[in-house]
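The values are calculated or read from the model by the stated rules, or taken from the named source; none is laboratory data. Owing to the predicted nature of the structure, the values given are computational and were not obtained by experimental measurement. Cβ atoms come from the backbone with ideal geometry, glycine included; neighbour counts cover every protein chain shown.
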Amino acid sequence: MHRFKVEKMGCGGCAKSVTRAVQGIEPNARVEVELGAKLVTVSDAAGPADRIAQAIAAAGFPAEPLLAAA
């Protein structure tokens, strides 16, 4: 499981864009977005957090990886 702080994410459209970006590189990933907290949690992803953060950033939403959740 990977968690990211995504400060520029502020609406449902942003959340959909972030979800599409993650699932574009990790089709089986489960993406949960907490708009109020500006957090994205990615479960069932095979790739490293840095790769996912880069995909989110490429969609226009700089993402800061947080410590992995247990």
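Show the residue pairs that are 6+ apart or on different chains and have beta-carbon atoms under 6 Å apart, the first residue being within region 34-48 and surrounded by fewer than 15 Cβ atoms within 10 Å (Cβ to Cβ), the second being assigned to a strand (DSSP E or B).
From region 34-48, the pairs are Ser43/Arg30; Asp44/Arg30.
Mind checking which residues of region 4-23 are surrounded by fewer than 19 Cβ atoms within 10 Å (Cβ to Cβ) and either at positive phi or not in a loop (DSSP other than H, G, I, E, B) (or both)?
Within region 4-23, Lys5, Gly12, Gly13, Cys14, Lys16, Ser17, Arg20, Gln23 qualify.
When the residues of region 37-70 are filtered to those that are at pLDDT 95 or above and part of a loop (DSSP other than H, G, I, E, B), which remaining residue is nearest to Arg20 (Cα to Cα)?
Across region 37-70, the extreme among qualifying residues is Ala59.
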